[in-house]
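To keep things clear, I will list the structure first and then write my remarks on it.
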Amino acid sequence: MLSIKVPPLGESIVEATVSRWLKKEGDVVAAGDTLVDLETDKITVEVPALKPGVLTKRAKAEGEVVHVDDVLGELDETAVPATVGASAATASTPASAPASPPPATTQPPTSRASSPPPSAPPSETTKSSPAARRIAEERGIDIAAVAGTGRGGVVSKPDVLAASTQRPSGTQQPRGNGVTPGERETREKMTTRRKRIAENLLQSQHQTAHLTTFNEVDMSAINALREKYKEKVEKEHGVKLTFMPFFVRATVAALKQFPMVNAQTDGDSIIYKHYVNMGIAVASDQGLVVPNIKDADRKGTIDLSREIAEIAKRARDGKLTMDDLTGGTFTITNGGVFGSLVSTPIINYPQVGILGLHKTQDRPVAVNGEVKIRPMMYIALSYDHRIVDGQQAVLFLVRVKELIEDPASMLIE
């Protein structure tokens, strides 16, 4: 009997939550088949079968917290003949089904024996991502009826969301988290990721001298630049030209001028980072995650656009790796996509600074003694006042403002 154990989860991660079992007890599995999804505070980990066999026991239930090397279940590797290939194993044939045709001397099969074996549910035979299956289950969508647009026809989360919006208006959808009409209160246990997010935010507030400074940016020049080049960039490079890569480049330039904002503390020492791994906060169904663009200071606007789009998609699809989520030196968060006009972002500890972007809104401003209507955005820098002085923080934010309002100047940075 082969024990299925919780694998190493990554740097500083010691526990996870059993998110979803993909195989039932008695299912035949092939080597490499995913048995169960584990949700950590950072990523979703798929636990595969190391050898072909029959899943005989699920030792941990969905929702249970597990630690590295805990036994998740047992796999009987002797229950499947060596001649059973991966294609047969992935069909999830019940363990009680005969592995080969009965001998000719056996009694004629009864009507029950001649009936076909029960097939696996569509959700198990359809190629789909864990996030897609979870959303489909929550919204009562038959995932087998959803057309997959991923590689090899895999159904992804965007496919399920698109199918959800196309449902007839009269179709009743279950309310979130199984809430029934008329229910006054519900109780839901925090996921491992949600608990860790809460712990990180409290740690940031308790262990830093947290302060925020604000400024506002005239977005006219960036708007004009995007309008001029966005179609050309999308046609020639296949990426959409958003505001974010411009803010990344402006932030990188400001960090070079004020390196203490790109540092971090270690006891009574200050570690200065001579590179920029730019964290981009992304909202996902599992909570806020902050993947980072490695060596953002060495990349141009097009490369940044491509990497930001790719990493945001992986975040929403639950496909981030530990490398995506570690090593960040500074973070940008954009609450403006949800309509936020102004906020005070919390530092992504142990970093010492985070830039908050907000909604662009037309406002009257004074320009050369005249009142003009301009697209304005409030920007905020939260910083650790232990190593970043107020003057440095203000000048850093002013530098970001200057570069965004005169994007051509970034060409000489």
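Assess whether I271 counts as being of a type in the set (A, V, I, L, M, F, W, C), within 22 Å of I346 (Cα to Cα) and surrounded by fewer than 17 Cβ atoms within 10 Å (Cβ to Cβ). It would help to see each step written out before you state the result.
On the way: of a type in the set (A, V, I, L, M, F, W, C): yes; within 22 Å of I346 (Cα to Cα): yes; surrounded by fewer than 17 Cβ atoms within 10 Å (Cβ to Cβ): yes.
Spelling it out, I271 is indeed of a type in the set (A, V, I, L, M, F, W, C), within 22 Å of I346 (Cα to Cα) and surrounded by fewer than 17 Cβ atoms within 10 Å (Cβ to Cβ).
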Pair list, Cβ under 9 Å, 6 or more apart: region 197-225 residue free of Cβ contacts under 8 Å to residues at least 40 places away in the same chain, other residue open to solvent by less than 30 Å² (accessible area, probe 1.4 Å): E199/D41
Matching entry among D406, D384, D362, D389 (being among the acidic types (D, E) and within 30 Å of the chain's Cα centre (by Cα)): D384
Failed condition for N223, given (1) within 30 Å of V65 (Cβ to Cβ); (2) open to solvent by 40 Å² or more (accessible area, probe 1.4 Å); (3) polar (S, T, N, Q): (1)
Out of D303, D297, sole residue that is in a helix (DSSP H, G or I) and open to solvent by less than 50 Å² (accessible area, probe 1.4 Å): D297
Test: residue in region 309-319 that is of a type in the set (D, E, K, R), in a loop (DSSP other than H, G, I, E, B), surrounded by 14 or more Cβ atoms within 10 Å (Cβ to Cβ) and within 21 Å of the chain's Cα centre (by Cα): yes
Selection status of A250, surrounded by 19 or more Cβ atoms within 10 Å (Cβ to Cβ), modelled with pLDDT of 95 or more and of a type in the set (G, A, S): yes
Qualifying residue in region 189-204 (condition: more than 22 Å from G318 (Cβ to Cβ), more than 27 Å from the chain's Cα centre (by Cα) and at pLDDT below 95): no
Set E236, E231, E199: member being under 30 Å from R374 (Cα atoms) and out of contact with any strand residue (DSSP E or B) (no Cβ under 7 Å at 6 or more places or on another chain): E231
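The values are calculated or read from the model by the stated rules, or taken from the named source; none is laboratory data. All of these numbers come straight from a predicted model, not from anything done at the bench. Quick reminder, even Gly has a Cβ in these numbers, built from the backbone with ideal geometry, and neighbours come from all protein chains shown. Quick note on the areas: whole protein, heavy atoms, side chains included, nothing else; ligands and nucleic acids left out. Shrake-Rupley method; radii C 1.70, N 1.55, O 1.52, S 1.80 Å.
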